[in-house]
Amino acid sequence: MFTGKIVVITGSTQGIGKRTAELLASRGAKIVINSRNQNKVSEAVEEFENKGFDVLGVSGDVSNYDFCVELRNKTIERFGKIDYLINNAALAAKGALSDTHHTVFEKVYTVNVLGSLFPSKAFIEDLKQTQGGILFISSYAAVVGLPGYIAYSSTKRAIASIAESLKNELVDDGIFIGVNYPGFTENDVNKTILHPSGREDILQKRVGVKLSSLDKTAGSIMRQLENRNFRSYSSIKGRFIQFTYDLFPRLSLFLLRLNRRRIMKMD
Ligand SMILES: NC(=O)c1ccc[n+]([C@@H]2O[C@H](COP(=O)([O-])OP(=O)(O)OC[C@H]3O[C@@H](n4cnc5c(N)ncnc54)[C@H](OP(=O)(O)O)[C@@H]3O)[C@@H](O)[C@H]2O)c1
């Protein structure tokens, strides 16, 4: 199914994006690796090439539209087509409204929302030609707005809303649109989180929560591309959270209220 397919994965030099790239490449896909850091992109390309995978590295910021056009042009120049775009790049952020500096909202909205819209816009005509697809990486945090994670939670919800609009906008073009909802997943050692002040720190290993392995989360992303499901959750827990919210939204909000102090202390 993936042999010879060209897959662009934004933010794929580490974590979930990188593991998804490895899984897809091992199934015969040709991958475009991206992140803002040129050194990390070169290291990832070298690592993939040493494994015999056919990859192209393009460093740059996906919240910059001109860069997204460059990413599209370099992909076409090298591979001649684009089958799938996985909008994975995002910033993690914590903080309540009163504590969070306004520039943190600007940064998180720019990367998490425009950083998914702009690549989609730059690639759409190529995806129409291949009848490929766009997969948006959201989060369990999008299902219901989390206290203490206002910027992250709301941007991940916006991603799901963008996917819903596109699903119906593009229904006649045969393009697959999907949203994947990962739960807490083991961190890459380089994963950072934005604090309310705007400081960016390495995110320490989360304790007190059950973490999915990178393989499990990336595996769910790969299966979703294969099956072309609109919505997919990385575990049964995510499906349960969504089911409860859809049927009993007031109960979901009440349960969150009971747990708000614990949630607001989490990283
Ligand atoms: N890990 C979890 O527990 C979890 C749970 C639910 C959902 N998710 C979602 O899953 C996705 C991947 O998460 P992760 O934990 O693997 O993230 P991560 O370890 O923080 O990796 C993010 C990647 O995105 C790149 N990136 C960030 N901003 C970018 C930009 N503006 N342009 C291009 N690349 C950019 C980063 O590299 P540079 O910094 O070098 O650019 C990095 O390669 C995200 O969408 C996240 O919201 C994660």
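Values quoted throughout were computed directly from the atomic coordinates according to the rules given, and no laboratory measurement underlies them. No experiment lies behind these values; they were computed from the predicted model shown. A quick note on method: Cβ atoms are made from the backbone with ideal geometry, for glycine too, and the neighbour counts reach across all protein chains shown.
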Residue pairs within 6 Å by beta carbon, gap of at least six or interchain, first lying in region 88-99 and of a type in the set (S, T, N, Q), second near the ligand (Cβ under 10 Å from one of its atoms), listed first then second, are 88/9; 88/10; 88/11; 88/17; 88/137
Which numbered condition trips up residue 109, out of (1) out of contact with any helix residue (DSSP H, G or I) (no Cβ under 9 Å at 6 or more places or on another chain); (2) assigned to a helix (DSSP H, G or I); (3) farther than 21 Å from residue 218 by Cα?
-> (1)
Members of region 44-64 found to be surrounded by 15 or more Cβ atoms within 10 Å (Cβ to Cβ) and in a helix (DSSP H, G or I), listed by number = 44, 45, 47, 48
Considering (1) surrounded by 18 or more Cβ atoms within 10 Å (Cβ to Cβ); (2) away from the ligand (no atom under 13 Å from the Cβ), say which one residue 4 fails and leave the rest.
-> (1)
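Taking residue 73 as the residue in question, decide whether it is away from the ligand (no atom under 16 Å from the Cβ) and either within 18 Å of the chain's Cα centre (by Cα) or in a helix (DSSP H, G or I) (or both). Outline the logic, then answer.
Working: away from the ligand (no atom under 16 Å from the Cβ): yes; either within 18 Å of the chain's Cα centre (by Cα) or in a helix (DSSP H, G or I) (or both): yes.
So residue 73 passes the test.
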Any residue in region 120-144 that's closer than 11 Å to residue 82 by Cα and part of a helix (DSSP H, G or I): show its pairings with residues that are of a type in the set (Gly, Ala, Ser) and more than 15 Å from the ligand (Cβ to nearest atom) at Cβ separation under 7 Å, as long as the two are six or more apart or on different chains.
-> 127/133
Are there any helices (runs of 4 or more DSSP H) wholly within region 159-264 with 1 or more residues that are within 16 Å of the ligand (Cβ to nearest atom), under 21 Å from the mean Cα position of the chain (by Cα) and in contact (Cβ under 8 Å) with a residue 40 or more places away in the chain, and if so which?
-> 214-227, 236-247
